[in-house]
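A.B. asks: Let me begin by handing over the structure; questions about it come next.
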Amino acid sequence: MHNTVKIGNDLFYVGASDRRIALFESAFPVPRGVSYNSYLLTDEKTVLFDTVDRSVSTQFFENVRFALGGRKLDYLVVQHMEPDHSATFSALLSAYPEATVVATKKTASMLSHYFSYPEEKVLAVGEGDTLSVGKRTLRFVLAPMVHWPEVMFTYIPEEEILFTADAFGTFGALGGGVFADERFEAEFLPDARRYYFNIVGKYGVQVQNVLKKAAGLKISLVCPLHGPVWRENFGWFLQKYDLWSRYVPEERGVAVFYASVYGHTQNAAEIVATALAGEGVPVKVYDVSVTDVSELLSEAFRYSHLVFASTTYNNGIFVNMDNFLRDLAAHGLRGRKYALIENGSWSPQAGTLMRGILGSMKDMTELGEGVTILSAADGAAREKLLSLAEEIAADFRG
Ligand code: FEO
């Protein structure tokens, strides 16, 4: 049965949420599910903004049919053709064969890699192009690499509505209300941060470019393809995006990440964390073998100071720490202060190897010279850990 929400004049939310999905993009745990948003505008012409993932297709088609109220569909605007938004593209065109597809040439080409469809149905649009649909105008704003190369936003100047594709999206299913002001900061912010850094975070420059374009627009309603719709206090979220896309730490504090097999490296990490907390420094501690790497990555981007502690394993960095550090490098972490702790019962070398990965990242500064532990952190090793904590605390205060 249909389940739509009227979110503006002649504008309906027709998307749906999936709470059974375990891994978004087969990689990111989504215990709170995810929503696939789609919007229908019923002006003199009817316009659908994107389709949805196959997992919610039944609900989606019931919603579209209801919101159309017996009218035909005139336009399908494809702002982002990644399959979580286009898996139902062919089925939509079969159900509404009269619809014209509004998309960039790049989108049309990429759609043809996935689907066989009549390309003469495409109305190609580009940066700044407009399409009148009655009382309203659609103006198209290209947003390449936020998150794929073909992405575009759509702006409706008459009502100051911006459709933003993946940008300003978040993990997390919707429940009842669809508006961010209903509960965003308490419920969605950690998932929004994790979504941003894992999905879009590599493309900070491109996000900055599109934020500059958006800065010139009056915006009253923001409609992303995942997560809640923004009608209030969007500036607060925009500020987060600005910080995130400039790689500026959102919070001053220390995130301690450790990889420990028998608990000794954990103990070393906890000694540093306890000393930092005793100095009044905000600190969080993560076991990289327990916390999912998507959350570790999000927290590393969040904080100003990072500590990595790893046992040596197979003459290398412990596997989960190695994976985490390479993920950080792949996502372009930069501009952080970091400190290293290595452990090894006969040939410790995780520190040197971790330094090699972190040193390849932009604007990274190591504090101290690293602490080496030969199994248990007692005696001199403990003193060195306390000295390292003091050095981090001094930098934090300075
Ligand atoms: Fe939600 Fe890049 O797809």
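The values are calculated or read from the model by the stated rules, or taken from the named source; none is laboratory data. Not measured: the values here are computed from a predicted model. A quick note on method: Cβ atoms are made from the backbone with ideal geometry, for glycine too, and the neighbour counts reach across all protein chains shown.
A.B. asks: On the basis of being surrounded by 20 or more Cβ atoms within 10 Å (Cβ to Cβ) and under 25 Å from Glu251 (Cα atoms), does Leu340 make the cut? Walk me through how you get there before you give the answer.
C.D. replies: Working: surrounded by 20 or more Cβ atoms within 10 Å (Cβ to Cβ): yes; under 25 Å from Glu251 (Cα atoms): yes.
Yes.
A.B. asks: For Tyr117, state whether it is closer than 24 Å to Tyr203 by Cα, away from the ligand (no atom under 16 Å from the Cβ), assigned by TED's automatic domain parsing to the domain that holds Gln206 and touching a helix residue (DSSP H, G or I) at 6+ places or on another chain (Cβ under 9 Å). Break it down into steps so the answer makes sense when it comes.
C.D. replies: Working: closer than 24 Å to Tyr203 by Cα: no; away from the ligand (no atom under 16 Å from the Cβ): yes; assigned by TED's automatic domain parsing to the domain that holds Gln206: yes; touching a helix residue (DSSP H, G or I) at 6+ places or on another chain (Cβ under 9 Å): yes.
Answer is no for this residue.
A.B. asks: Restricting to region 126-151, and then to whatever is basic (Lys, Arg) and touching a residue at least 24 places away in the same chain (Cβ under 8 Å), can you tell me which residue is farthest from the ligand (Cβ to nearest atom)?
C.D. replies: The first filter runs over region 126-151 and keeps only residues basic (Lys, Arg), leaving 135-136, 139.
Filter once more, keeping what is touching a residue at least 24 places away in the same chain (Cβ under 8 Å): 135-136.
On the way: Lys135: 30, Arg136: 25 Å.
Only one residue tops the list, namely Lys135.
A.B. asks: Checking Phe140 against (1) assigned to a loop (DSSP other than H, G, I, E, B); (2) within 26 Å of Lys202 (Cα to Cα), only one condition comes out false. Which one?
C.D. replies: Condition (1) is where Phe140 drops out.
A.B. asks: Which residues, taken from region 323-339, are touching a residue at least 40 places away in the same chain (Cβ under 8 Å) and assigned to a helix (DSSP H, G or I)? If you could, list the steps in order and put the result at the bottom.
C.D. replies: At the first step, the residues of region 323-339 found to be touching a residue at least 40 places away in the same chain (Cβ under 8 Å) are 324, 330-337, 339.
If the condition is that a residue be touching a residue at least 40 places away in the same chain (Cβ under 8 Å) and assigned to a helix (DSSP H, G or I), then Phe324, Ala330 are the ones that fit.
A.B. asks: Identify, from the list Tyr247, Tyr258, the residue that is crowded, with 20+ Cβ neighbours inside 10 Å and in contact (Cβ under 8 Å) with a residue 24 or more places away in the chain. Walk me through it before giving the result.
C.D. replies: Numbers: Tyr247 fails: crowded, with 20+ Cβ neighbours inside 10 Å.
The match here is Tyr258.
A.B. asks: Look through region 152-203, keep the residues that are of a type in the set (Val, Ile, Thr) and within 14 Å of the ligand (Cβ to nearest atom), and return whichever of them is farthest from Ser35 (Cα to Cα). Reasoning before the result, please.
C.D. replies: Filtering region 152-203 down to residues of a type in the set (Val, Ile, Thr) leaves 154, 156, 161, 164, 170, 178, 199-200.
With the extra rule that they be within 14 Å of the ligand (Cβ to nearest atom), the set shrinks to 164, 170, 199-200.
Numbers: Thr164: 15, Thr170: 9, Ile199: 15, Val200: 17 Å.
The selected residue is Val200.
A.B. asks: Also, quick follow-up: List the residue pairs whose Cβ atoms are under 7 Å apart, where the first residue sits in region 17-30 and is without any contact (Cβ under 8 Å) to a residue 40 or more places away in the chain, the second is in a strand (DSSP E or B), and the two are 6 or more positions apart or on different chains.
C.D. replies: Pairs found: Ile21/Val34; Ala22/Pro29; Leu23/Pro29.
A.B. asks: Within region 74-90, can you find the residues that are more than 12 Å from the ligand (Cβ to nearest atom), buried (at least 21 other Cβ atoms within 10 Å of the Cβ) and more than 19 Å from Asp129 (Cα to Cα)?
C.D. replies: If the condition is that a residue be more than 12 Å from the ligand (Cβ to nearest atom), buried (at least 21 other Cβ atoms within 10 Å of the Cβ) and more than 19 Å from Asp129 (Cα to Cα), then Thr88, Phe89 are the ones that fit.
A.B. asks: Between Phe49, Phe24, Phe12, which is of a type outside the set (S, T, N, Q), in contact with a Cys (Cβ under 8 Å, 6 or more places away or on another chain) and in the same structural domain as Thr170 (by TED's automatic domain parsing)? Break it down into steps so the answer makes sense when it comes.
C.D. replies: On the way: Phe24 fails: in contact with a Cys (Cβ under 8 Å, 6 or more places away or on another chain); Phe12 fails: in contact with a Cys (Cβ under 8 Å, 6 or more places away or on another chain).
Being of a type outside the set (S, T, N, Q), in contact with a Cys (Cβ under 8 Å, 6 or more places away or on another chain) and in the same structural domain as Thr170 (by TED's automatic domain parsing) holds for just one of Phe49, Phe24, Phe12, which is Phe49.
A.B. asks: Within region 42-61, work out how many residues are in contact (Cβ under 8 Å) with a residue 60 or more places away in the chain and farther than 26 Å from Ser112 by Cα.
C.D. replies: 2
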